[in-house]
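The values are calculated or read from the model by the stated rules, or taken from the named source; none is laboratory data. It should be emphasised that the depicted structure is a prediction, and the values quoted were computed from it without experimental measurement. Cβ sites come from the backbone with ideal geometry, for glycine too, and all protein chains shown count toward neighbours.
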Amino acid sequence: MAGVSVPGSGGNGGKKAVDLNIPLVPFIDMLAMMITFLMMTAVWTQIGKLQVSQAGGPSDSTEPPKPTLQLNLTLTEQGYKLTAGADSVDIAKKADGTFDGAKLVEKLKAIKKDNPDQRAITVMAEDSIQYESLVLTVDKCLEADLPDVSVSAAM
Amino acid sequence: MSRHLENVIVKPGKRPGKRLSKSKVFGSKFAKGGHATNVELNLTSMIDVFVLLVIFLIQQFSADGDLLFMTDKIKMPEAANYEQLERAPVIQVSADEISIEGARVATVADIEGEEYWNIPALEEKLRDQKKAYEMVRSGDGEGFKGDINIQADKAVPFKIVKRVMYSANQAGYFNINFAVLAGAGAPSDSEGSKTEG
């Protein structure tokens, strides 16, 4: 037990003892129990979601969509193929064989700058493309401020 | 009287001779009550450590940790621009099998050989889930949103994922959420969302 005493007030034949014992043992017990509980329920991995819709599915919004650019992004074995209306641009894979996400964000931001109302993009992929690459691409689209990402199952 | 007894009654055990007890080298071996056995615990520092641990663990605490079943078979990809995961049916896609809410519905080897786009067993399960949801929530006035969480291994090819997505679409689930781990550049706050809905 921890004690607290106020100097000068004891021993004078005073009226009331001012020594106070703080019960530390139950406090330590409570802390130990809290630590045990929190350790058991702790989540060490932070999980999130990337929301996409399926191309062709119903839209959530009740407002009629504003006329914007038809933006399509295709993942192929060679890299990205970005089609904005009539224009098309290829973004080759990096030397290590991974998709060039930085360059994609750059291109998408340039399109977004010209079309500030643009929110939608449709992503397509070849069958052999790994899921990780698809997720990376969706992530990059969100980074480029295109929140309405649709994934098309058909190529 | 008592002093006399103190000299007479001694504890049993080894006792040195008079000369040895005066020895500087061996004398201390037989000294009585040399070291105090009362050790004071530093409670203040211990409580400090406990409090810091509790604060750290409370910061880590998250109630949505059990939304997904984490398994060794599925290594989820990482993303930076994620949103908070919400409760919805979970389709797990590993390199070998496809399961929904932990129950296996198909193996990858089986569906690779099929020409159809949908996975009938998965679609049926999803339809059942949808029916159950609508039955339970019919009185709440909360409509069916069509949300589904896909927890897939990062090495799974898109041809498997697209069939899962197509099956979900056929069963009426149009809002697909790819479950991801918080990756590099992820927002540091636990609320987690950098993107708009």
If we keep only residues of region A:134-155 that are more than 8 Å from chain B (Cβ to nearest Cβ) and part of a helix (DSSP H, G or I), then the residue farthest from B:Phe174 (Cα to Cα) is A:Lys140
Of the residues in region B:150-175, those that are modelled with pLDDT of 90 or more, facing chain A (nearest Cβ under 8 Å) and in a strand (DSSP E or B) come to B:Ala152, B:Pro157
Residue hits (region A:101-133; within 13 Å of chain B (Cβ to nearest Cβ) and polar (S, T, N, Q)) are A:Ser128, A:Gln130, A:Ser133
Check on A:Val135, β-branched (Val, Ile, Thr), at pLDDT below 90 and either under 20 Å from the mean Cα position of the chain (by Cα) or surrounded by fewer than 22 Cβ atoms within 10 Å (Cβ to Cβ) (or both): no
### Message
Taking the conditions exactly as written (loosely packed, with under 14 Cβ neighbours inside 10 Å and part of a helix (DSSP H, G or I)), does A:Ala95 satisfy them or not?
### Response
no
**Prompt:** Does A:Leu108 satisfy being buried (at least 22 other Cβ atoms within 10 Å of the Cβ), of a type outside the set (Val, Ile, Thr), closer than 13 Å to A:Leu73 by Cα and under 19 Å from the mean Cα position of the chain (by Cα)?
**Reply:** no
Note: among B:Lys125, B:Lys73, just one is buried (at least 18 other Cβ atoms within 10 Å of the Cβ) and away from chain A (no Cβ under 11 Å), namely B:Lys125
A:Ser152 passes all but one of the listed conditions (1) out of contact with any Phe, Trp or Tyr (no Cβ under 9 Å at 6 or more places or on another chain); (2) crowded, with 20+ Cβ neighbours inside 10 Å; the exception is number (2)
Filtering region A:24-45 down to residues that are modelled with pLDDT of 90 or more, within 30 Å of B:Ala179 (Cβ to Cβ) and either more than 9 Å from chain B (Cβ to nearest Cβ) or not in a helix (DSSP H, G or I) (or both) yields A:Thr36
Of the listed residues (A:Ala153, A:Ala110, A:Ala125), the one being more than 22 Å from B:Glu78 (Cβ to Cβ) and touching a helix residue (DSSP H, G or I) at 6+ places or on another chain (Cβ under 6 Å) is A:Ala153
Considering region B:27-50, residues that are touching a helix residue (DSSP H, G or I) at 6+ places or on another chain (Cβ under 8 Å) and either exposed (fewer than 10 other Cβ atoms within 10 Å of the Cβ) or at pLDDT 70 or above (or both), and then whichever is farthest from A:Ala32 (Cα to Cα), we arrive at B:Gly34
Here the residues within region A:74-89 that are surrounded by 15 or more Cβ atoms within 10 Å (Cβ to Cβ) and within 18 Å of B:Lys159 (Cβ to Cβ) are A:Thr74, A:Leu75, A:Thr76
